[in-house]
Each structure stands twice: as C-alpha cells, then as structure tokens.
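Undergrad: Next up is a structure, given as structure tokens.
The values are calculated or read from the model by the stated rules, or taken from the named source; none is laboratory data. Everything numeric here is computed off the predicted structure, so don't read it as measured data. Every residue, glycine as well, gets a Cβ built from its backbone with ideal geometry; the counts of neighbours run over all protein chains shown.
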Amino acid sequence: MTVMIAGCGDLGTEVGLRLAALGHRVVGLRRSPGVLPVAIEGQAVDLTRERPVVPADTDIVIVAIAAAGPTADAYRTSYVDGLRNLLDALDAAGVEPSRFLLVSSTAVYGVNDGSWIDEGTPAVPSSGTGAVLLEAEDLLRGRLPGATVLRLAGIYGPGRERLIGQVRDGTTSAEGLSSHTNRIHRDDAAAAIVHLVTGDAEPAPLYLGADSLPARRGDVLAFLAAELGVPDPVGLASRASTVVGESADSPASPVGSAGRASPGPRGGDKRCRNALLLASGFRFAYPSYREGYRSLLAGVGIRHP
C-alpha cells in the first residue's frame, strides 16, 4: 500500500518518515525531491502546473501544501490549483484512496473577540488567504465527500524559532499582548495526521489541530523570557493576564485584567478547542506551549529541508 504526500516540506517530510517507520511505502511530491530522506520516494512535480504520477496501489493521500507567498493569488495557485491537479490525477489513474487528508488552517475563522471555536463554528474568513483556504476545502468536499480536513493552528518546532529569537534579542512587539494565540508543535501536527489516516475508526470530516492551552501572547512571551533568563520584554508580566491551567475544554471566560483584547500581529483573537481530536484517541506529546518550547530550548528535533 502506498501513501502519497503532496507537499513534502518540513511537516510533510516528518509525516512521511513516521509512516515509513510503520512500514508504508511513501511517495513524496515536491519540486525538488532530491533533499528528501531515503525513506521517502521523491517525485519531482510542480502541482500548480502539472499532474503527478499516481501509483496504482495508492491508498492514503495527504495534502500538506505550502503557498509560495503570503498573497491570496499565491495561495490560490498552490492550494486550489495544486489540489485540483492532484484530484484530476487520481481520477485519471482510477485510484480511490481509502483516506484523504487535507491540511488547512484555523485562519479560516475570522474571530477576534477571544471566544472559543470548534468544528461546529462557522468558518468566516477575515483575510483573502483564509478565504482561499476555505475555497480549497470546498473543492475537496465537492470532489471527495469522505475526505478529512485538519485545520492546524500556528505550527512551531525545530527551525521555527523566530519568537524565541525575538525574546532573546529584546525585539518583541508590544502589539496584541492580551490576544489569545493557538499553537501546535510540528511533531504533534505530524503525529495527528498519521493518527487520522491510519486509525481503525473512520475519521470525522473536520478536526481542529491545536494544543490544549490557548494562551495570551503576553503570557507566552513572559514564559520564554523566564526560560531564557532575559528581562521580561516590554513589561509583559504586569501587562498580560494569566490563563495558567486553562485547558481547551474550559468554558469561555471574560478578558482579564489586561482589559479588552486587542488584535494580535497575526491570527486574530480566538481559542481553539481540540476536544474532537482528543476524543479520537490522539494524545499530545506537547499539550501546551510550555512543554513544546522547553523541548526546543533543549535542542530537541531538527527541521527538514
């Protein structure tokens, strides 16, 4: 049985390595497959322009595409055109995979009031790129109604350490300190994908992929400063309210002493529930940013090229 991964960047490669370790043949699609580890069979293809060659025994397809740029046009070329070429290739080859998973983003929720969201929350994007992601999801639903969409929160992990560097260098912004942020460690994102495409139970049509502790931006920055042993940037400890111990299953609570939440630099202000993912049997290696960032600071893991 073959697993095809469309988009073998850092996340897709980590997924592929985990599936190969389980005994699957993994074919990874990317423009420059020469950098892929030997456990993944690379296929050179630009999905925005052409269709891939689909092995006849392909049973699992994972789409983990990354856009070439931050604009809506770049997103549409990668996510919509790329996905359409992949689906057309499956149809032309007469292949019907038993599992198909599309990696999307919680950016499809244009929520900015700190409220909780889950799979039942209407997706109303507030950005052009979020609208394109939703367009890609709709395309997939129309072509493969049984497919699964995993909307990931902000991915951090090996090589994704910009925030750590900003805190260490004292260059963090004071913008949006009280806004809630949602994260998932790269390894947990990869593990969740593997869990959903290989589990015995049929996966649901939609999951939110976020860790169990939405946290205000100021709290995360203050935590990193304490771990790094550097001054608390822009006086965050006294300006950001604390949500220590709050899980993704907690009810929504009013904004704390920091006052009304202000929009953060990215991602609005929302809190993602991961209850459905947990109910599927998935367990996080890094249930909050604390465990995840401590792992990064200890030098655990590598980023794939």
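Undergrad: Would you mention how many residues in the range 264-283 are within 25 Å of D200 (Cβ to Cβ), touching a strand residue (DSSP E or B) at 6+ places or on another chain (Cβ under 8 Å) and surrounded by 18 or more Cβ atoms within 10 Å (Cβ to Cβ)?
TA: Total meeting the criteria: 3.
Undergrad: Could you check V53 against (1) under 25 Å from H304 (Cα atoms); (2) modelled with pLDDT under 95 and say which number it fails?
TA: Going through the list (1) under 25 Å from H304 (Cα atoms); (2) modelled with pLDDT under 95, V53 breaks only (2).
Undergrad: Consider E119 carefully, then state whether it is touching a residue at least 40 places away in the same chain (Cβ under 8 Å), surrounded by fewer than 21 Cβ atoms within 10 Å (Cβ to Cβ), in contact with a Leu (Cβ under 8 Å, 6 or more places away or on another chain) and closer than 29 Å to V61 by Cα.
TA: For E119, the condition - touching a residue at least 40 places away in the same chain (Cβ under 8 Å), surrounded by fewer than 21 Cβ atoms within 10 Å (Cβ to Cβ), in contact with a Leu (Cβ under 8 Å, 6 or more places away or on another chain) and closer than 29 Å to V61 by Cα - is met.
Undergrad: Criterion first (more than 24 Å from P305 (Cβ to Cβ), part of a loop (DSSP other than H, G, I, E, B) and in contact with a Pro (Cβ under 7 Å, 6 or more places away or on another chain)) does G110 satisfy it?
TA: yes
Undergrad: I would also like to ask the following. Tell me, yes or no, whether the range 147-157 has at least one residue that is crowded, with 16+ Cβ neighbours inside 10 Å, in contact (Cβ under 8 Å) with a residue 60 or more places away in the chain, charged (D, E, K, R) and outside any loop (DSSP other than H, G, I, E, B).
TA: No: zero hits.
Undergrad: Might you check whether a residue that is in a loop (DSSP other than H, G, I, E, B), crowded, with 24+ Cβ neighbours inside 10 Å and in contact with a Leu (Cβ under 8 Å, 6 or more places away or on another chain) occurs anywhere in the range 9-25?
TA: No - not one qualifying residue is present in the range 9-25.
Undergrad: With the requirement that a residue be buried (at least 23 other Cβ atoms within 10 Å of the Cβ), in contact with a Lys or Arg (Cβ under 7 Å, 6 or more places away or on another chain), over 30 Å from R143 (Cβ atoms) and not charged (D, E, K, R), what does the range 199-234 give you?
TA: The answer is P214, G218.
Undergrad: Filter the range 30-56 for residues that are surrounded by 15 or more Cβ atoms within 10 Å (Cβ to Cβ), over 21 Å from G159 (Cβ atoms) and among the aliphatic types (A, V, I, L, M) and give the result.
TA: V45, L47, V54
Undergrad: Go through the range 89-109 and give me each residue that's over 20 Å from T48 (Cα atoms), surrounded by 15 or more Cβ atoms within 10 Å (Cβ to Cβ) and not aromatic (F, W, Y).
TA: Scanning the range 89-109 gives V95, P97, R99, T106, A107, V108.
Undergrad: Checking the conditions here, which among R160, R151, R183 is out of contact with any strand residue (DSSP E or B) (no Cβ under 7 Å at 6 or more places or on another chain) and among the charged types (D, E, K, R)?
TA: R160
For every residue, the table says whether it meets (1) of a type in the set (S, T, Y); (2) under 24 Å from A131 (Cα atoms); (3) out of contact with any Asp or Glu (no Cβ under 9 Å at 6 or more places or on another chain).
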| site | (1), (2), (3) |
| --- | --- |
| A6 | no, yes, yes |
| V38 | no, no, yes |
| T48 | yes, yes, no |
| D57 | no, no, yes |
| A67 | no, yes, yes |
| V80 | no, yes, no |
| D91 | no, no, yes |
| V95 | no, no, no |
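Undergrad: Say whether the condition of being under 14 Å from G7 (Cα atoms) and part of a loop (DSSP other than H, G, I, E, B) is met by at least one residue in the range 96-106.
TA: Among the residues of the range 96-106, not one is under 14 Å from G7 (Cα atoms) and part of a loop (DSSP other than H, G, I, E, B), which makes the answer no.
Undergrad: Consider L133 carefully, then state whether it is assigned to a strand (DSSP E or B) and crowded, with 18+ Cβ neighbours inside 10 Å.
TA: When the stated conditions are applied, L133 does not pass them.
Undergrad: In the set I60, I65, I40, which member is in contact (Cβ under 8 Å) with a residue 60 or more places away in the chain and of a type outside the set (G, A, S)?
TA: Within the list I60, I65, I40, the selection yields I60.
Undergrad: Would you point out the residue of the range 179-229, among those that are of a type in the set (A, V, I, L, M, F, W, C), part of a loop (DSSP other than H, G, I, E, B) and at pLDDT 95 or above, that is farthest from G159 (Cα to Cα)?
TA: Across the range 179-229, the extreme among qualifying residues is A204.
Undergrad: Since A89 meets every condition but one in (1) among the hydrophobic types (A, V, I, L, M, F, W, C); (2) in a helix (DSSP H, G or I); (3) more than 29 Å from H185 (Cβ to Cβ); (4) in contact with a strand residue (DSSP E or B) (Cβ under 7 Å, 6 or more places away or on another chain), which condition does it not meet?
TA: (4)
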